[in-house]
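Okay, so here's the structure we're looking at.
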Amino acid sequence: MKDMKEKPVLLTMRNIQIEGRSDETWSPIIKGVDLTLNKGEVLGLIGESGAGKSTLGLAAMGFTRDGCRISGGTIDFDGIDLMKASEATKRGLRGKRIAYVAQSAAASFNPAHKLIDQYSEAPVQHGVMGRGEAEHDAVELYRRMQLPDPDEIGFRYPHQVSGGQLQRAMTAMAMACRPDLIIFDEPTTALDVTTQIEVLSAIRDIVAQFDTAAIYITHDLAVVAQMADKIKVLLRGDEVEEADTRTMLASPKEAYTKTLWAVRSHARATQPPVEKGTVPVVSVKGVTAGYGQVDILKNINFDIHKRRTVAVVGESGSGKSTAARVITGLLPPRQGQVLFNGQALPADYRQRTREQLRQAQMIYQMADTALNPKLRLRELIGRPAQMYLGLQGKALTERIRDLLNLIELEPDKFIDRLPSELSGGQKQRVGIARALAAEPQFIICDEVTSALDQLVAEGILKLLDRLQTEFDLAYMFITHDLATVRAIADEVVVMQRGRVVEQGPKDEMFQPPHDPYTELLLSSVPEMDPDWLTKLLKERAEKAS
Amino acid sequence: MGLIWTMIAKRLGLGLLTLFVISVIIFSATELLPGDFAKAILGQSATEETLAAFRKEIGLDLPAYQRYFNWLGGAIQGDFGTSLSGNKRPVADLIATRLGNTLFLALYAAAIAVPLSLVLGILAALYRNSIFDRAANAAALTSISFPEFFVAYILIFVLAQSGLFPSMTRMDADTTLGEGLYRAFLPALTLTLVVTAHMMRMTRAAIINLLASPYIEMARLKGINPMRVILKHALPNALAPIITVIALNLAYLITGVVVVEVVFVYPGLGQLMVDSVAKRDFPVVQAVALIFAAAYVLLNLTADVLSTLSNPRLIHRK
């Protein structure tokens, strides 16, 4: 931790109020927040989605998204009043003295231009350096960000570079003009834990090297603990509290902060082992599958028993979702088969009977896209009940009301709502009800909580847990988040590049000895200890040498 | 790049198939025209013998499929037969000058309309919801909403009555380029007014559609000025839909300008086709229809190739 007392103030925001427009009326997003940042200091900004973190971060650049406006307060950046500054003045600052690193590098790099062209743009446009010099500088920064092949990587297009590398390239791009301040807007949220570590350490190093001040926005407490000198907690546009990182982690004052800290405690009790000879609900036997010439899955085997949850974990690209597609029959395997209660299922869903289809349902990661936005909950949930169980009229309405009660949504209030009238967590609950409506024995949950805030995700996990006991369900739970695994799984299947590298009961998985890949996954999950990243990197360096 | 060549080859193959199907349809359609061609030419008083002799002379006595393949065989070698009406000129000659005129007018109109609509579309996107945007949109929509002949007559009323430009477009072998441009100005302007709205609005919409993307926000947060954001960051990603619309409009300029040709007495293909239908001169009708179909196929192929080239994800694979 740096000594902050001698550093001069860089950014002062006083009583900031920001409003967003919806249907002709302006409603507050940020309700009078103060923020002070010294030169070279890193402030962590945390809160759930909708807390206004990004909005506040962008306001530090004097920028608001379309449909938002800063309605009050003062912003002083190194003696420049950003509230009164002209657009041209602010343009002169952006990219040059204040830079921005976005959440999804894949979406924030222009697909039409090479990385190095996008790197050079700001320095050349701001007249900081010439084109040739900027390209030279880019290679140097790519090297410092530990990007592979730094001399060449800039000449690729964004789609030719992996997500973690893009995120580092974007941080390098933000550094191009050596700004005084960088806004990091959830830069590692979209990454796997193993990639996240590389990006975090690269960001931390480069910020320290150039003594850049930063506002680090995230909803992940363990991440912010590694990155920030001090932490500010936001809740619905209001500041909850602010303190230096160690104080905040050790003794949060406010009740809300304490609940945030407590979220990761939920864990499922260990279940007795399944009796020998029990027929599993779903059994994946020697499955090899893929698209085109490429095999994504290579000889996969695992079983899922009644009233048990099997968590399938691995990085993106490891084949988790492909396994789900094979089980549901969307992707017929090249070899192997899927058994349901001991009976082989036809490989292609089009050859399965309606009864077979009914027994296996899915809940998706993005409830937003998985629910038809034009249908009301009555139709969304009623359709499978009607189709699979033949319910009609009053019986159908009764069933829909029961299902809504099950997912803890008041039927009278919700039955005629559209998905757009629901929060993220409520939408995911509707996704669950829709799967339940078919009265299946088996449900595949594909990253169902990864798009949700921790508190909301916790609620969803508890609901799934309760429904499992109530209806004897078997779950296949696809996730890359090991905290979620700890919370819900009975058994764990670890996948890497299409193979199962380790599988077994949860307690064994979290105990050494591990397969090297499992070890890497487990050790990469950020912990609340502010020294965790430093220690881990040191350990890994020692092991490597 | 190999990918592009495979695509071009595939599309050309499909294009040929399309042309073949169209040739069958055209041929059948001319077959279905009511009335007897020989009677129509020779008049009611012709005897059975003269009719039969005439049919034999132009091959009408053969069964339809045989006539079709004879015609197709000739067409493939560039011989579209001879015109049946009056002077019996070879169809190829008849069409050649007309095709030149049509292409001249289409290119003339496109040379004005395409740059104009791109610039207007880009400016409208840059100053969206401003007075300029609204005025440009209103003007473009107004001009597209009037029937072509009406626009043409208004232009004649304003620009030809005063003697600035000729209202009748005479084009012949001796016309120089400069004269041609001057004489064809009014039809070209009419066509420009008709096609600009479509292209301009698509350019504007395609760009604005992208302005909410994270990479546009990123460009703005890098302090890039708004004009450069549009030109450098939005436009390259908006090219595919814009190119498609331009190609469709170019195809329209070649094939759909009959009304404008009639109003300005412009000797183009459209007029030739209408005249030939009236005269039942089916070798000409068939040839012109094939040329129109080929224009559509080629322009769409070009549009697809250019759209692909504008997308680095399709050319530079992982």
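The conditions are (1) within 30 Å of A:ALA289 (Cβ to Cβ); (2) free of Cβ contacts under 8 Å to residues at least 40 places away in the same chain, and A:ARG540 fails exactly one of them. Which is it?
(1)
Being within 14 Å of chain A (Cβ to nearest Cβ) and open to solvent by 10 Å² or more (accessible area, probe 1.4 Å) narrows it down to one of B:LEU210, B:LEU189, B:LEU164, B:LEU159, so name that one.
Details: B:LEU189 fails: within 14 Å of chain A (Cβ to nearest Cβ); B:LEU164 fails: within 14 Å of chain A (Cβ to nearest Cβ); B:LEU159 fails: within 14 Å of chain A (Cβ to nearest Cβ).
Exactly one of B:LEU210, B:LEU189, B:LEU164, B:LEU159 is within 14 Å of chain A (Cβ to nearest Cβ) and open to solvent by 10 Å² or more (accessible area, probe 1.4 Å), namely B:LEU210.
From (1) within 20 Å of B:GLY121 (Cβ to Cβ); (2) without any contact (Cβ under 8 Å) to a residue 60 or more places away in the chain; (3) open to solvent by 10 Å² or more (accessible area, probe 1.4 Å), pick out the condition that doesn't hold for B:GLU217.
With respect to (1) within 20 Å of B:GLY121 (Cβ to Cβ); (2) without any contact (Cβ under 8 Å) to a residue 60 or more places away in the chain; (3) open to solvent by 10 Å² or more (accessible area, probe 1.4 Å), B:GLU217 is out only on (1).
Can you tell me how many residues in the stretch A:25-61 are under 21 Å from B:ALA219 (Cβ atoms), touching a Lys or Arg at 6+ places or on another chain (Cβ under 7 Å) and open to solvent by 10 Å² or more (accessible area, probe 1.4 Å)?
0
Considering A:LEU473, A:LEU464, which residue is open to solvent by less than 10 Å² (accessible area, probe 1.4 Å) and more than 21 Å from the chain's Cα centre (by Cα)?
Numbers: A:LEU464 fails: more than 21 Å from the chain's Cα centre (by Cα).
That would be A:LEU473, the only listed residue that is open to solvent by less than 10 Å² (accessible area, probe 1.4 Å) and more than 21 Å from the chain's Cα centre (by Cα).
Just for the stretch A:490-516: of the residues that are at pLDDT below 85 and open to solvent by less than 20 Å² (accessible area, probe 1.4 Å), which one is nearest to A:HIS305 (Cα to Cα)?
Filtering the stretch A:490-516 down to residues at pLDDT below 85 leaves A:506-516.
Going one step further and asking which of them are open to solvent by less than 20 Å² (accessible area, probe 1.4 Å), we end up with A:506, A:509.
Numbers: A:LYS506: 14, A:MET509: 18 Å.
Only one residue fits best here, namely A:LYS506.
Give me a count of the residues in the stretch B:299-318 that are part of a helix (DSSP H, G or I) and either at the interface with chain A (Cβ under 8 Å from one of its Cβ atoms) or out of contact with any helix residue (DSSP H, G or I) (no Cβ under 8 Å at 6 or more places or on another chain) (or both).
So in the stretch B:299-318, the residues part of a helix (DSSP H, G or I) come out as B:299-309, B:312-315.
With either at the interface with chain A (Cβ under 8 Å from one of its Cβ atoms) or out of contact with any helix residue (DSSP H, G or I) (no Cβ under 8 Å at 6 or more places or on another chain) (or both) added as a condition, the list becomes B:312-313.
The qualifying residues number 2.
Can you tell me how many residues in the stretch B:114-156 are among the small types (Gly, Ala, Ser) and open to solvent by 80 Å² or more (accessible area, probe 1.4 Å)? Outline the logic, then answer.
Restricting attention to the stretch B:114-156, the residues satisfying the condition of being among the small types (Gly, Ala, Ser) are B:117, B:121, B:124-125, B:130, B:135-136, B:138-140, B:143, B:145, B:152.
With the extra rule that they be open to solvent by 80 Å² or more (accessible area, probe 1.4 Å), the set shrinks to B:145.
Total satisfying the criteria: 1.
Among the residues of the stretch B:230-244 satisfying the criterion of being open to solvent by 10 Å² or more (accessible area, probe 1.4 Å) and more than 10 Å from chain A (Cβ to nearest Cβ), which is nearest to A:GLU186 (Cα to Cα)?
First, the residues of the stretch B:230-244 that are open to solvent by 10 Å² or more (accessible area, probe 1.4 Å): B:231-232, B:235-237, B:239-241, B:243-244.
Next, only the ones that are more than 10 Å from chain A (Cβ to nearest Cβ) stay: B:231, B:240-241, B:243-244.
Details: B:LEU231: 29, B:ALA240: 32, B:PRO241: 33, B:ILE243: 37, B:THR244: 38 Å.
Top of the filtered list is B:LEU231.
Out of (1) open to solvent by 30 Å² or more (accessible area, probe 1.4 Å); (2) farther than 16 Å from A:ILE183 by Cα; (3) within 9 Å of chain B (Cβ to nearest Cβ); (4) not in a helix (DSSP H, G or I), what's the single condition that is false for A:ALA88?
(4)
Evaluate the stretch B:165-183: report whether one residue or more is modelled with pLDDT of 90 or more, not in a helix (DSSP H, G or I) and not polar (S, T, N, Q).
No, that holds for no residue.
Can you tell me which residue within the stretch A:404-439, out of those that are of a type in the set (Lys, Arg) and in contact (Cβ under 8 Å) with a residue 12 or more places away in the chain, is nearest to A:ILE460 (Cα to Cα)?
Here is the first cut: in the stretch A:404-439, the residues of a type in the set (Lys, Arg) are A:413, A:417, A:427, A:429, A:434.
Still in the list and also in contact (Cβ under 8 Å) with a residue 12 or more places away in the chain: A:417, A:427, A:429, A:434.
On the way: A:ARG417: 20, A:LYS427: 11, A:ARG429: 7, A:ARG434: 14 Å.
Among those that are of a type in the set (Lys, Arg) and in contact (Cβ under 8 Å) with a residue 12 or more places away in the chain, it is A:ARG429.
If A:ASP23 satisfies all but one of (1) under 26 Å from the mean Cα position of the chain (by Cα); (2) over 18 Å from B:ILE216 (Cβ atoms); (3) of a type outside the set (Val, Ile, Thr), what's the number of the condition it fails?
Only one criterion in (1) under 26 Å from the mean Cα position of the chain (by Cα); (2) over 18 Å from B:ILE216 (Cβ atoms); (3) of a type outside the set (Val, Ile, Thr) is unmet by A:ASP23, namely (1).
Taking the conditions exactly as written (in contact with a strand residue (DSSP E or B) (Cβ under 9 Å, 6 or more places away or on another chain) and either more than 14 Å from chain A (Cβ to nearest Cβ) or not in a helix (DSSP H, G or I) (or both)), does B:ILE224 satisfy them or not? If you could, list the steps in order and put the result at the bottom.
On the way: in contact with a strand residue (DSSP E or B) (Cβ under 9 Å, 6 or more places away or on another chain): yes; either more than 14 Å from chain A (Cβ to nearest Cβ) or not in a helix (DSSP H, G or I) (or both): yes.
Yes: the conditions hold for B:ILE224.
Check B:LEU17, B:LEU12 and return the single one that is under 30 Å from B:TYR296 (Cα atoms), open to solvent by 90 Å² or more (accessible area, probe 1.4 Å) and part of a helix (DSSP H, G or I).
When all the criteria are applied, what remains is B:LEU17.
If I filter the stretch A:519-541 for residues that are open to solvent by 50 Å² or more (accessible area, probe 1.4 Å), polar (S, T, N, Q) and over 25 Å from the mean Cα position of the chain (by Cα), do I get at least one hit?
no
I need a count of the residues in the stretch A:162-180 that are at the interface with another protein chain (Cβ under 9 Å from one of its Cβ atoms) and over 19 Å from A:PRO123 (Cβ atoms).
Of the residues in that region, 0 qualify.
Do you know which of the residues in the stretch A:476-489 that are at pLDDT below 90 and not in a helix (DSSP H, G or I) is surrounded by the fewest Cβ atoms within 10 Å (Cβ to Cβ)?
Filtering the stretch A:476-489 for residues that are at pLDDT below 90 and not in a helix (DSSP H, G or I), the one surrounded by the fewest Cβ atoms within 10 Å (Cβ to Cβ) comes out as A:ASP481.
Does A:GLN125 satisfy the condition of being at the interface with chain B (Cβ under 9 Å from one of its Cβ atoms) and either polar (S, T, N, Q) or surrounded by fewer than 19 Cβ atoms within 10 Å (Cβ to Cβ) (or both)? I'd like the intermediate steps shown before the answer.
Details: at the interface with chain B (Cβ under 9 Å from one of its Cβ atoms): yes; either polar (S, T, N, Q) or surrounded by fewer than 19 Cβ atoms within 10 Å (Cβ to Cβ) (or both): yes.
Yes: the conditions hold for A:GLN125.
Do the conditions hold for A:ASP34, that is, is it in contact (Cβ under 8 Å) with a residue 60 or more places away in the chain and either away from every other protein chain (no Cβ under 13 Å) or closer than 23 Å to B:PRO236 by Cα (or both)?
Values: in contact (Cβ under 8 Å) with a residue 60 or more places away in the chain: yes; either away from every other protein chain (no Cβ under 13 Å) or closer than 23 Å to B:PRO236 by Cα (or both): yes.
So A:ASP34 fits the description; yes.
Cβ contacts < 6 Å: first residue farther than 20 Å from B:LEU118 by Cβ, restricted to the stretch B:137-157; second residue not in a helix (DSSP H, G or I), any location; separation 6+ or different chain. Result?
Pairs that qualify, where the first residue is farther than 20 Å from B:LEU118 by Cβ and the partner is not in a helix (DSSP H, G or I), are B:ILE156/B:SER167.
Pick from the stretch A:98-121 the residues that are at the interface with chain B (Cβ under 7 Å from one of its Cβ atoms), in contact with a helix residue (DSSP H, G or I) (Cβ under 7 Å, 6 or more places away or on another chain) and closer than 18 Å to A:ILE153 by Cβ: which of them is surrounded by the fewest Cβ atoms within 10 Å (Cβ to Cβ)? Full working, then the answer.
Step one: of the stretch A:98-121, the residues at the interface with chain B (Cβ under 7 Å from one of its Cβ atoms) are A:100, A:102, A:104, A:107-112, A:121.
Those still in the list that are in contact with a helix residue (DSSP H, G or I) (Cβ under 7 Å, 6 or more places away or on another chain) too: A:100, A:102, A:104, A:107-112.
Right, trim to closer than 18 Å to A:ILE153 by Cβ and you get A:108-112.
Numbers: A:SER108: 25, A:PHE109: 24, A:ASN110: 26, A:PRO111: 16, A:ALA112: 22.
Among those residues, the one meeting the criterion is A:PRO111.
Given the structure, is A:VAL456 assigned to a helix (DSSP H, G or I) and closer than 14 Å to A:ALA367 by Cβ?
So A:VAL456 fits the description; yes.
For every residue, the table says whether it meets (1) of a type in the set (A, V, I, L, M, F, W, C); (2) at pLDDT 90 or above; (3) open to solvent by 10 Å² or more (accessible area, probe 1.4 Å).
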| residue | (1), (2), (3) |
| --- | --- |
| A:MET173 | yes, yes, yes |
| A:ASP180 | no, yes, yes |
| A:PHE184 | yes, yes, no |
| A:GLN196 | no, no, yes |
| A:ARG204 | no, no, yes |
| A:ILE217 | yes, yes, no |
| A:LEU221 | yes, no, no |
| A:LYS230 | no, yes, yes |
| A:ARG236 | no, no, yes |
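Restricting to the stretch A:144-153, name every residue that is more than 14 Å from chain B (Cβ to nearest Cβ) and open to solvent by less than 30 Å² (accessible area, probe 1.4 Å). Explain how you work it out, then say what you get.
Quick first cut of the stretch A:144-153, residues more than 14 Å from chain B (Cβ to nearest Cβ) only: A:144-151.
Passing the criteria: A:MET145, A:LEU147, A:PRO150.
Looking only at residues in the stretch A:62-85 that are more than 9 Å from chain B (Cβ to nearest Cβ) and under 26 Å from the mean Cα position of the chain (by Cα), which one is surrounded by the most Cβ atoms within 10 Å (Cβ to Cβ)?
Narrowing the stretch A:62-85 to residues more than 9 Å from chain B (Cβ to nearest Cβ): A:62, A:64, A:67-85.
Subset that is under 26 Å from the mean Cα position of the chain (by Cα): A:64, A:67-68.
Details: A:THR64: 16, A:GLY67: 10, A:CYS68: 18.
The extreme case among them is A:CYS68.
Out of all the residues in the stretch A:374-398, which are in contact with a helix residue (DSSP H, G or I) (Cβ under 9 Å, 6 or more places away or on another chain), open to solvent by less than 90 Å² (accessible area, probe 1.4 Å) and assigned to a loop (DSSP other than H, G, I, E, B)?
A:LEU375, A:LEU391
The values are calculated or read from the model by the stated rules, or taken from the named source; none is laboratory data. Values in this document were obtained by computation on a predicted structure and should not be read as measured data. Backbone-built Cβ (ideal geometry, glycine too); neighbour counts: all protein chains shown. Heavy atoms of the whole protein, side chains included, go into the accessibility calculation; ligands, DNA and RNA do not. Shrake-Rupley method; radii C 1.70, N 1.55, O 1.52, S 1.80 Å.
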